[in-house]
Structure formats: C-alpha cells, structure tokens
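The following block contains the structure, expressed as structure tokens.
The values are calculated or read from the model by the stated rules, or taken from the named source; none is laboratory data. On a predicted model such as this, the values are computed, not experimentally measured, just so you know. In this analysis, Cβ positions are derived from the backbone assuming ideal geometry, glycine residues included, and neighbour counts consider all displayed protein chains.
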Amino acid sequence: MMFLRYAVYRFFTMLLTLWVVSILVFVIINLPPGDYLSNQIAELRATGQAEGVAKAEFLRTEYALDRPLWEQYLIWVGFSPGPNGFSGLIQGDFGWSFEFDRPVGEIVGDALWLTVLVNLAAVLFVYLIALPLGVLAAAKSETWVDYTAGFVGYLGLATPNFLLALILFYYGHKYFNLPIGGLMDPVYEGQPMSWLKVKSILLHMIVPTFVIGTSGAAAMMQRLRANMLDELSKPYVETAKAKGLAPAKLLAKYPLRMAFNPFVADIGNLLPAMVSGSVLVSVVLGLQTIGPYLLAALKSQDQFLAAFVLMFVALLTLIGTMISDMLLVLLDPRIRYGGRGA
Amino acid sequence: MTIQPDNRFVDTEPWIDDADISAPERAEMDAPGWLLTWRKFRRHKLALISGVFLLMCYLMLPIAGFIAPYTPNERSADYLYAPPQSINLWHEGSFVGPYVYPVTAKADLVNFRWTYTTDEIRPMPLEFFCEGDDYNLFGVIPSDTHLVCAPDGATLFLWGSDRLGRDVFSRILYGAQLSLTVGIIGITVSFLLGITFGAMAGYFGGKTDWIINRAIEILRSLPELPLWLALSAAVPSNWGPVAVFFIISIILGILDWPGLARAVRSKFLSLREEEYVKAAEMMGARPARVIRRHLLPNFMSHLIASATLSIPAMILGETALSFLGLGLRAPAVSWGVMLNDAQNLASIEIYWWTAIPMLPIIVVVLAFNFLGDGLRASLDPYKS
C-alpha cells in the first residue's frame, strides 16, 4: 500500500516535471529569430510564387503561429483550443512538420519505437558489461585485472562516441562482415515484423549498442568497483573469510547485494547521458531513430517536429528515472517513501 | 653529550623547563595546507604527469603559430589529401640532419583519388627559424617566424593534409586554441552559476532551496546533447567565429552547473550550522560575506577538483556540436570542426590521417580525468 502511494506520488511529480520541461522546450525552440514559415513566405515572395504563399499563410493560421507566444504554447500543449478545437500534445496531435509536409506523428512513427529499443539495448549492455567487470576489478583490486579494466574504462570515457562509431563500423564490417548503416536491411523497411526482420535489426544493433553503452559502462564500472571496495573492507567480510567461506560465495552473498543499490539508483544519471549518446550516434550511423530528425528539424527551424522530439527524449529519461526510483524502493526498504529530499 | 659507563647517553646541556617538546615536529605540523596537498599529490605519478602535460598544452596555445609550420587556412592546392610525411636524420648511411623527401601528386583516374610518390633520392633538409606565413604571437604581436618550415620545393605535412590541402598538424595546434579554452570558459560559467545557486539554496534554505532544487533536478534529468543542439541552433548564423565560440562555451556551461550546485548545496547545509558561521552572523556579517569569506574557502579545493573532472565533458561536448555542424563553424579551427571532415567511412578507410584530431582529444580528456582524480585524492592531506 505504501509502495502504491509512493508510485502515485512519483508519477505526479513526473508529470509536473514534464510540464516544466514543456515550457523550457517551447522557449528554446522559439529562441531563434524567425520561424520556418515566415522564412518560407519571405523566400516565396522574393521569387514571386503566389500560390505557395497562400498555402504557407494557411498553415500559419491553421497552427496558430500568428498568435502571441503564450497562446501558441497553450495550444501546442493542448491546454487551450486552437483553430480546430483542442488538439495539442495531450490530445495526441503532435503538430505539423513544415519541412516534410506531413504530420509529425506520421514522420516519427516507427522511429519512436526504434529509439526506445536502441536505448533499452544500450542499458542492458551497460549492466551486462559493468556488473561482472566492476565486481572483478574490485575483487582483484590492484592487480593487472583491475588496472586493465580501469584503463579500458578510462579510454571508453575519453573517446568521442561518434568516432568510436565510425571506427567500429569500419572494422566490424571489414573483419566480422557486420552491416553498415541503418537499423535494418532496406528490404525490410515498412514491412510487417517477421523473424528475418528481427534478425536483421539485431545484427544492425550490435555496433550502435556497443558505442552508446561504452561510456556509460565505464562510468558505472568505476562506481561499482568503488562501492564494492568500501564493502569489502568492512569487518563482516573479514569474519566470513576467517570462517572459511569460499571466495566466490563470500563476494556474492553480502558485499554484492550492498553494492547493488547505487547501481540501480544510478540509472537516473545514466539515462540522460545514454539518450544524448544515442542521438549523436544515430546521426553519425544513420539509424532510423529520432536523432537525425531532431538535427534536421533544428537546422531548418521546423519547430513542431523539433519540439516533439525534445519532449519525447525528455519523457524517455523521466520515465526511466521514475522506474529506477521505484525499483530502488522495492530493493532497499531503508529508503524512506517520502521521495528524495522531499 | 656523554656516555655513561653502562652505555647510557646523557645530554650535558642543562634542562630547560619551559621548552616546547613538540618543537622538532612543529614545522611539519604547521606546514601550510597547500604544501601538504602538494606532497600528497606528488605521489600520484599519473596525475602529476597529466598535470605537467596539460600545463604544457596550455602554455603552448599562445605560441601555436610559432610552432606550427603552416597557418591553419593556408592551402597547398597541389597536395590534397597528402599522406603524413616522416622526418628522417640519416640518408644512405650518412648524417644529414632533419630532412624530408619531396613528394609529388599524381591523379589516379581509375579510383578518382590522388596518389603520392616519394622521391627518395633527394633529401631536403628542413629550415629552422625561417620566414613563413603571417600570424599573431600571443594573439597580438604580428610575426612571420616559424620554428620549422618546409624546404623550398617540398612540403612538411607531419600528419598529412586534408581535403583542401591544409596541414593537419598545424591545424591541430591552432584547433587546440579553441578546443582547450572552450572547457575553461564553460567551466567558469558553470562555476559561477553553480556556486551562486548552490550557495543560495544551501544558505537560505526554505523556498529558495525548494525552487533551486527542483530546477537542478529537472535540468539533471534532461539529456544534455539535444538541449545543447537546440540552444546552438538558436545562435544566429551571421555571427562571427569569435562570438559563436563564446556563446557555445557559455551554452556548454549553462547546462553543466546543476551537478556543481548540488555539491555546494549539500556542503552548505551542513556547514551553515557551524559555530563560526553563527559567530560571523552575530557580528553582523551580511550573507554574501559569510558565504564568500567563511563558507566557500572551506571546500574551494574540493570544488576545483570536481571542476577539473567536468572540463572533459565540455571538450567532448564542443567536439560533438562542431562535428554535427551546430557548434563552431569553419573558418574557425577546432578539433571538432576538423573531425567534421572525417565524418564518412571513406575518410577512415582511405585518408585515415584526417581522423588524427581524435588523438589529442582522447589524450587531453584522459589527462584531465587523471589530474582530477589525483587532485581529489590528495585534497584531504590529513587522511592517510
């Protein structure tokens, strides 16, 4: 019951945060002077294409771009009725992409799921790599295992993601015949899900997952190692050792469990960085996630598309953080239900 | 001092009753904090080496033009995508001094690329302290003396040349001027914001604390890169390179402060209750004075260590932004701008030297990480 109450509380704080984020996103998107349509209208006027101007003017009124900013915001979110009644983010209408000349929802469609998929895979990868390596580095601390793991970790932190992506792509293709570019074979694009399509996606995901996960895994490994070392120096470990508990059992029984909490809590720090990384890597590798759309939309001031992608990315991290907070409460009863610092 | 028959030592000096018995250890105990820190820091060899390396890098920045054989946008139109050349000392068993072989370009019309042949018969000694293109020493003193130049009729592309025939090595040196200072400016902005907000939240508590805390939480839960992208996309494209550079560094700093503010806040929450703070307040010190004179010096060193650890993120951030074409733009030269050229697989496969700028990035980021770790470990000198 307590947990349920906490879950509800946490859900509402997330909604509140999302609301603040929507204001932030809207302000940032409207920072650059001018907007896509006025640029277009000016250009069409200059080249004397009257019918284009009429369409652009129509879109301007249709999407309430001729109104004051605060009204635009309310309409965009769906708090206040626009020219066609309530149709904002809340109602599931994400707006119109002027550059692609299609509704935003239609453009991003598949990309949303692929984005979630790529990030989930990267999170899984981080845990799969960081957990054994971190524990190993702590158990064999100050031996070559520890130093190697530490060095590889540092290197992972220091190499720019996008370069790692390019290099791994090249060598992956050269030596392991991994496919280059995209998230699936072009043959399967727009096709219904099938076993072959899944296989193609999985094969394409190897390099991106590795690239996005590396820096996160490095950071997490270091933290896990530090936590484990703290635990290992405690008297109860010595007692267990003196009583003759096997090393592997000794490690897994208590220290690992204790060191595990921050591991789960850390996902809140991890996720924003990973989503950032996935946007960058997607642009470089041409993955069909929302990263390339964001870049294109920002460059051409396609405001609804850019704002939606930013909102989605924020939502993704907020949900991830919320889940990790709840998991943490389930895992560690010592944490008070009041929420962090509240 | 005399030795007694039973081998005991006895000091013949008269016993001074009021002498300080801790006098021999006094110097050690009264050693200033920085000395203790330095002694401890000295033992972290990796951090020490990183620190010296970074110091040299930053000292090099104002004289980059002198060290670089070329200027960043100097084009050698006959040498597009020229591969790296090596400097040799010995030619056919005899000592010539540092020299290069001249290379000639030939168009390969089958693969549509330039192929370069090295003429290994004519060694051409390098010139030192020679005249080259104009540049500004320390940014103000016009000069045209370079440490080393290519001999007449040959080129000196230590790390090859790029798409437009510009020397990659020289461009890396010039690129360091922007890439390395971005982190410093960014961290200054982040430091000011972080300390101000963190101190306000921790010192005043209550509503201020609540608002700042929520802001921190919101900013920390958002992915940085998309926000950086959005903010940089808002920079008008008609601004000059210098203005863009400053605004980009400020953008990097604006999104970095929450982590620092959080650390400052939690420290302030505990320090606020200390007696010396109460005393200062009772003597009528204003909040600003209490914060600056009594609270901040307590953990300034700790803050500097964490700042050192966040500089790499900014250097990588600048690189990523420029790489995506939303950060610094040519004609400005930064490592990210250079990597923008190496964006495709062809560069990695055929012209691998265009990706060399990644090396300084990795080395500098590693150095900052090691230095920061070393600083953090040595800042508590009394801990073993």
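Please work out which residue is nearest to the other protein chains (Cβ to nearest Cβ), limiting yourself to segment A:4-38 and to residues that are polar (S, T, N, Q) and part of a helix (DSSP H, G or I).
Top of the filtered list is A:THR17.
Among the listed residues B:SER170, B:SER179, identify the single one that is within 14 Å of chain A (Cβ to nearest Cβ), closer than 27 Å to B:PHE245 by Cβ and part of a helix (DSSP H, G or I).
Values: B:SER170 fails: within 14 Å of chain A (Cβ to nearest Cβ).
Going through B:SER170, B:SER179 in turn, the sole match is B:SER179.
Find the residue count for segment B:361-380, including only residues that are surrounded by fewer than 21 Cβ atoms within 10 Å (Cβ to Cβ), away from chain A (no Cβ under 11 Å) and part of a helix (DSSP H, G or I).
Of the residues in segment B:361-380, 2 are surrounded by fewer than 21 Cβ atoms within 10 Å (Cβ to Cβ), away from chain A (no Cβ under 11 Å) and part of a helix (DSSP H, G or I).
Take B:LEU180 and decide whether it is surrounded by fewer than 23 Cβ atoms within 10 Å (Cβ to Cβ), among the hydrophobic types (A, V, I, L, M, F, W, C) and under 14 Å from the mean Cα position of the chain (by Cα).
Details: surrounded by fewer than 23 Cβ atoms within 10 Å (Cβ to Cβ): yes; among the hydrophobic types (A, V, I, L, M, F, W, C): yes; under 14 Å from the mean Cα position of the chain (by Cα): yes.
Yes: the conditions hold for B:LEU180.
Which ones in segment A:98-111 are assigned to a helix (DSSP H, G or I) and either under 25 Å from A:LEU37 (Cβ atoms) or hydroxyl-bearing (Ser, Thr, Tyr) (or both)?
Step one: list which residues in segment A:98-111 are assigned to a helix (DSSP H, G or I), which gives A:104-111.
A:VAL104, A:GLY105, A:GLU106, A:ILE107, A:VAL108, A:GLY109, A:ALA111, listed by residue number.
So is A:VAL126 surrounded by 15 or more Cβ atoms within 10 Å (Cβ to Cβ), closer than 26 Å to A:LYS253 by Cβ and out of contact with any Gly (no Cβ under 9 Å at 6 or more places or on another chain) or not? Steps first, answer last, please.
Working: surrounded by 15 or more Cβ atoms within 10 Å (Cβ to Cβ): yes; closer than 26 Å to A:LYS253 by Cβ: yes; out of contact with any Gly (no Cβ under 9 Å at 6 or more places or on another chain): no.
For A:VAL126, the condition - surrounded by 15 or more Cβ atoms within 10 Å (Cβ to Cβ), closer than 26 Å to A:LYS253 by Cβ and out of contact with any Gly (no Cβ under 9 Å at 6 or more places or on another chain) - is not met.
Hey, A:PHE176 hits all of (1) surrounded by fewer than 22 Cβ atoms within 10 Å (Cβ to Cβ); (2) closer than 28 Å to A:ALA297 by Cα but one; which does it fall short on?
Condition (2) is where A:PHE176 drops out.
Do any residues in segment A:151-174 that are more than 7 Å from chain B (Cβ to nearest Cβ) have Cβ atoms under 9 Å from those of residues that are charged (D, E, K, R) and in a helix (DSSP H, G or I), where the two are at least six apart or on different chains, and which pairs are they?
As it stands, the answer is A:GLY153/A:ARG225; A:LYS174/B:GLU349, since those pairs meet every condition given.
Of everything in segment A:262-299 that's hydroxyl-bearing (Ser, Thr, Tyr) and either facing chain B (nearest Cβ under 9 Å) or assigned to a helix (DSSP H, G or I) (or both), which residue is surrounded by the most Cβ atoms within 10 Å (Cβ to Cβ)? Talk me through it step by step, then tell me what you get.
At the first step, the residues of segment A:262-299 found to be hydroxyl-bearing (Ser, Thr, Tyr) are A:276, A:278, A:282, A:289, A:293.
Filter once more, so that each one left must be either facing chain B (nearest Cβ under 9 Å) or assigned to a helix (DSSP H, G or I) (or both): A:276, A:278, A:282, A:293.
Numbers: A:SER276: 26, A:SER278: 29, A:SER282: 26, A:TYR293: 26.
Only one residue fits best here, namely A:SER278.
Report yes if some residue within segment B:208-223 is polar (S, T, N, Q) and at pLDDT below 85; otherwise report no. Explain how you work it out, then say what you get.
Filtering segment B:208-223 down to residues polar (S, T, N, Q) leaves B:208, B:213, B:221.
The next check asks that each one be at pLDDT below 85; those that pass are B:213, B:221.
So far as segment B:208-223 goes, yes, one or more of its residues are polar (S, T, N, Q) and at pLDDT below 85.
Working only within segment A:13-61, note down all residues that are in contact with a Leu (Cβ under 7 Å, 6 or more places away or on another chain), of a type in the set (Val, Ile, Thr) and farther than 26 Å from A:ILE319 by Cβ.
Hit for segment A:13-61 is A:VAL53, nothing else.
Which of the residues belonging to segment A:136-150 are of a type in the set (S, T, N, Q) and touching a residue at least 40 places away in the same chain (Cβ under 8 Å)? Reasoning before the result, please.
Pass one, segment A:136-150, residues of a type in the set (S, T, N, Q): A:141, A:143, A:148.
Selection gives A:SER141 alone.
Same structure again: Can B:GLN85 be described as in contact (Cβ under 8 Å) with a residue 60 or more places away in the chain, touching a Leu at 6+ places or on another chain (Cβ under 9 Å), crowded, with 17+ Cβ neighbours inside 10 Å and in a loop (DSSP other than H, G, I, E, B)? Show your work before the answer.
Values: in contact (Cβ under 8 Å) with a residue 60 or more places away in the chain: yes; touching a Leu at 6+ places or on another chain (Cβ under 9 Å): yes; crowded, with 17+ Cβ neighbours inside 10 Å: yes; in a loop (DSSP other than H, G, I, E, B): yes.
Against the criterion (in contact (Cβ under 8 Å) with a residue 60 or more places away in the chain, touching a Leu at 6+ places or on another chain (Cβ under 9 Å), crowded, with 17+ Cβ neighbours inside 10 Å and in a loop (DSSP other than H, G, I, E, B)), B:GLN85 qualifies.
Across segment A:227-261, what is the total count of residues that are within 14 Å of another protein chain (Cβ to nearest Cβ) and either surrounded by 21 or more Cβ atoms within 10 Å (Cβ to Cβ) or under 31 Å from the mean Cα position of the chain (by Cα) (or both)? Before the answer, list the steps.
Let us first name the residues in segment A:227-261 that are within 14 Å of another protein chain (Cβ to nearest Cβ), namely A:229, A:233.
Subsequent filtering for residues that are either surrounded by 21 or more Cβ atoms within 10 Å (Cβ to Cβ) or under 31 Å from the mean Cα position of the chain (by Cα) (or both) retains A:229.
Count: 1.
With the checklist (1) within 20 Å of B:ILE184 (Cα to Cα); (2) modelled with pLDDT of 85 or more in hand, flag the one item B:GLU281 doesn't pass.
(1)
From the list B:VAL264, B:VAL277, pick out the single residue that is more than 14 Å from chain A (Cβ to nearest Cβ) and buried (at least 22 other Cβ atoms within 10 Å of the Cβ). Talk me through it step by step, then tell me what you get.
Values: B:VAL277 fails: buried (at least 22 other Cβ atoms within 10 Å of the Cβ).
From the options B:VAL264, B:VAL277, the qualifying one is B:VAL264.
Considering only residues that are farther than 16 Å from B:GLY153 by Cα and of a type in the set (Gly, Ala, Ser), look in segment B:96-117 and name the one that is nearest to the chain's Cα centre (by Cα).
Applying the filter and picking the extreme gives B:GLY97.
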